[in-house]
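*Asks:* Attaching a single structure in structure tokens format; questions to follow.
Taken together, the values in this text are just the output of simple stated rules run on the coordinates, not laboratory data. Being a predicted model, the structure only gives us computed values, none of them experimental. With ideal geometry, Cβ positions are generated from the backbone for all residues, glycine too; neighbour counts draw on all protein chains shown.
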Amino acid sequence: MKYNTEEKMLPLPEYGRSIQNMVDHALTITDRAERQRCANTIIAIMGNMNTQLRDIPDFKHKLWDHLAIMSNFKLDIDYPYDIIKKDNLTSKPAKVPYPKNKITYMHYGYNLQEMIKIVATMPEGAERKTLINQLANMMKKDYLAWAKDIADENKIIKDIFTLSNGALELKPGDITFFEQRNFNNKRNNKKPVKRTH
């Protein structure tokens, strides 16, 4: 008895050894027309194995790419599509640059920091005042999530001044902060998530 561990590695194991054996057989066919018919039959069988994927764009194209890969790009037939190049399988993707944005206060995050800078450039008025108030309350929530106990509202006002490069100089009465007691009650009264397993 021969075990799978003794067989050669499959390039695309999801198709199984039977399909790979068909591809290997197609490589031995000398008549080009017969080889083409064999390849078409293999593609039909591969497509029937994944009927749920038929609606995916380029599904047939992917099947022909897979056939080329399984034959190690040695199957000499007329492909109906431009198949994937062998070099594309081994080349590494381009490195994604990691953002190097400076975050002044980690517990507030980068986005809030940028929002404060934008609000600081807005003209005086009701809209600016509302946005400042909303941002200050967002900062209080972030502060509570980080500090876990009490949010120092005066510290938040100072942080707004720092993050706006001195453009937003506020006094304690300028911001209507939410009641921390209500926030803590909501946080503590959250129902635990029931696990089903």
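*Asks:* Just to verify a result, which residue in segment 148-157, among those that are more than 18 Å from residue 110 (Cα to Cα) and of a type in the set (A, V, I, L, M), is surrounded by the fewest Cβ atoms within 10 Å (Cβ to Cβ)?
*Replies:* Filtering segment 148-157 for residues that are more than 18 Å from residue 110 (Cα to Cα) and of a type in the set (A, V, I, L, M), the one surrounded by the fewest Cβ atoms within 10 Å (Cβ to Cβ) comes out as 150.
*Asks:* Still on this structure, I have one more. Within segment 84-131, can you find the residues that are within 30 Å of residue 40 (Cα to Cα) and either surrounded by 10 or more Cβ atoms within 10 Å (Cβ to Cβ) or in contact with a helix residue (DSSP H, G or I) (Cβ under 6 Å, 6 or more places away or on another chain) (or both)?
*Replies:* 84, 85, 86, 89 - these are the residues of segment 84-131 that are within 30 Å of residue 40 (Cα to Cα) and either surrounded by 10 or more Cβ atoms within 10 Å (Cβ to Cβ) or in contact with a helix residue (DSSP H, G or I) (Cβ under 6 Å, 6 or more places away or on another chain) (or both).
*Asks:* Still on this structure, I have one more. Would you please name the residue that is surrounded by the fewest Cβ atoms within 10 Å (Cβ to Cβ), looking only at residues in segment 63-83 that are without any contact (Cβ under 8 Å) to a residue 24 or more places away in the chain and out of contact with any Phe, Trp or Tyr (no Cβ under 9 Å at 6 or more places or on another chain)?
*Replies:* Ranking the qualifying residues of segment 63-83, first place goes to 82.
*Asks:* Kindly list the number of the only condition in (1) part of a helix (DSSP H, G or I); (2) on the phi < 0 side of the Ramachandran plot that fails for residue 16.
*Replies:* (2)
*Asks:* Here's something else I'd like to know. Quick one: would you say residue 54 is more than 30 Å from residue 178 (Cβ to Cβ), surrounded by 14 or more Cβ atoms within 10 Å (Cβ to Cβ) and among the basic types (Lys, Arg)?
*Replies:* No: the conditions fail for residue 54.
*Asks:* Being over 30 Å from residue 136 (Cα atoms) and within 29 Å of the chain's Cα centre (by Cα): is that true of residue 95 here? If you could, list the steps in order and put the result at the bottom.
*Replies:* On the way: over 30 Å from residue 136 (Cα atoms): yes; within 29 Å of the chain's Cα centre (by Cα): yes.
Considered against the rule, which asks whether it is over 30 Å from residue 136 (Cα atoms) and within 29 Å of the chain's Cα centre (by Cα), residue 95 comes out as yes.
*Asks:* Just wondering, is there one or more residues in segment 167-179 that are surrounded by 13 or more Cβ atoms within 10 Å (Cβ to Cβ), in contact with a helix residue (DSSP H, G or I) (Cβ under 6 Å, 6 or more places away or on another chain) and closer than 23 Å to residue 101 by Cα?
*Replies:* Yes, there is a match, as at least one residue in segment 167-179 is surrounded by 13 or more Cβ atoms within 10 Å (Cβ to Cβ), in contact with a helix residue (DSSP H, G or I) (Cβ under 6 Å, 6 or more places away or on another chain) and closer than 23 Å to residue 101 by Cα.
*Asks:* Can you pull out the helices (runs of 4 or more DSSP H) entirely within segment 62-172 that have at least 2 residues that are more than 30 Å from residue 39 (Cβ to Cβ) and small (Gly, Ala, Ser)? If you could, list the steps in order and put the result at the bottom.
*Replies:* Details: elements: 86-90, 110-120, 126-147, 153-163.
Output list reads 126-147.
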